Structure formats: structure tokens, C-alpha cells
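Input: a single structure, listed below in C-alpha cells.
The values are calculated or read from the model by the stated rules, or taken from the named source; none is laboratory data. Small disclaimer: the values here were computed from a predicted structure and weren't measured. Cβ sites come from the backbone with ideal geometry, for glycine too, and all protein chains shown count toward neighbours. Ligands, DNA and RNA are stripped out before the accessible areas are found, and what is left, the full protein with its side chains, is counted by its heavy atoms. Shrake-Rupley method; radii C 1.70, N 1.55, O 1.52, S 1.80 Å.
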Amino acid sequence: MLNTAVHRPGLRMLACIFGELLIAFSLNYFIVPLGLYAGGSMGVCQLIRTLLQTWGGLNFDRYDIAGILYFLSNIPILLYARRILGRKFVLKTVVCTMAFSLFYSVIPAPSTMVVNDTLTACLLGGIFVGVGSGVVLTCSSTVGGLDIVGVCLSHKGVSISVGRFNIGFNAALCAVCL
């Protein structure tokens, strides 16, 4: 069904927004209550948010400022991507990034774990984030952040997939954090 629906631009955009909603929901309901962070640029934004709360003494109430930081961090990446990927692709990605930033900031994360087992919560969160990302990528857009950089690299002829680039970056990020 998704294969035939993605040929219509309006349905393609709705599918992208649904994918973004699924990603934001998964992060807020399965990953954030565990005190864990996402990978890539969203993880960096979550770290900045935590530093602002811990050392800056800022309180954002029920809203998560990491979504707004994520959108702001994507602006230079999107400007770079416009030259390589074209205006249409970047406009769809801007809409998707705005949707994700809004959903992530507005969907409240529960204070306690939804699933009592940490491994199960991580697996469920990862599966749903993967499905949401897959929907967005299938509809010729990106979630933002590292996905944009990975698509730019693949369009420039670098023989690396978006997934491999993300895994490599996140492995390097984890090694630096250790």
C-alpha cells in the first residue's frame, strides 16, 4: 500500500509526517524515560538540553527544548544540502524537520518507564524509530541531521549508504563520549 501511495505527492507528505510522529513518539515514550539519548544530531541536542538544565539552571516544564535545538542545528545542513539535493527535496525535508521538532517538543515523555524492562523498551523504541525513518526515506525525504549528510554523500558518489554513515558516526560519537 505504501508503495502505491507514495506516488501521490500529498499522500507522500502525509506519510512523511506520520513517520516523524512515530519517531518522536517512540523516542519520548521508550527512550527518554530511561534517561538515554538518541544518536546523531538529536542526541547532541539532547545533551545540550541536559547541560542547559543541569548547569544553566533552565527549566522547560513539560516541553523538550531539544526538538527546537534540533531544528536550529539542521538549518546549516539544509542550506548545504540545497546545492547538492535540490530545492524540492530540501523543502520536503524542512517540512519533515519542522514536524519532528514540533512533535518531539510537544509530546510529553512519561516520568516512569512505559515498559518495565530496559532492553525491551530500547528494542521497541529502536524498531519504531527505524520504521518511522524508513517511511520518511521511502517517501524521498529525510528525518534531518545525519540523514541529510548521508544522502548528500551518496549523491556525491561516496559509496556509503545512509544507514552505514549513521552507524559509523554514532559509533564514533559513543567512542568520544566514553
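Rounded to the nearest 20 debye, what is the charge dipole size of the stretch 19-178 about its Cα centre when +1 sits on each Lys and Arg Cβ and -1 on each Asp and Glu Cβ?
Dipole size: approximately 660 debye.
Below 8 Å between Cα atoms, with a sequence gap of 6+, how large is the relative contact order for the chain in percent?
Normalised by residue count, the contact order of the chain is 35 percent.
To the nearest 10 square angstrom, what accessible area does Phe128 show with a 1.4 Å probe?
70 Å²
Hey, what does the equivalent ellipsoid look like for the stretch 55-133, semi-axes from the Cα gyration tensor as sqrt of 5 times each eigenvalue, largest first, whole Å?
Working: eigenvalues 162, 70, 20 Å².
For the stretch 55-133, the semi-axes come out at 28, 19, 10 Å.
How do Tyr29, Tyr37, Tyr63 stack up against each other in accessible area, from largest to smallest, with a 1.4 angstrom probe?
In descending accessible area the options line up as Tyr63, Tyr37, Tyr29.
Please report the net charge: other residues with Cβ closer than 12 Å to the Cβ of Met13, K and R +1, D and E -1.
+3
Quick check: net charge around Met42, other residues with Cβ under 13 Å of its Cβ, Lys/Arg +1 and Asp/Glu -1?
Values: positive: Arg49; negative: Glu20, Asp64, Asp147.
It works out to a net charge of -2.
Go ahead and estimate [θ] at 222 nm for the chain from helices alone: -39,500 (n - 2.57) per DSSP H run with n ≥ 4, summed, over the residue count, rounded to 500.
Roughly -23000 deg cm²/dmol at 222 nm, from the helical runs in the chain.
Within the chain, which whole H helices from DSSP have a Cα span along their axis of at least 24 Å and a mean Kyte-Doolittle hydropathy of 0.0 or more, if any?
9-26, 66-85, 87-106, 118-138
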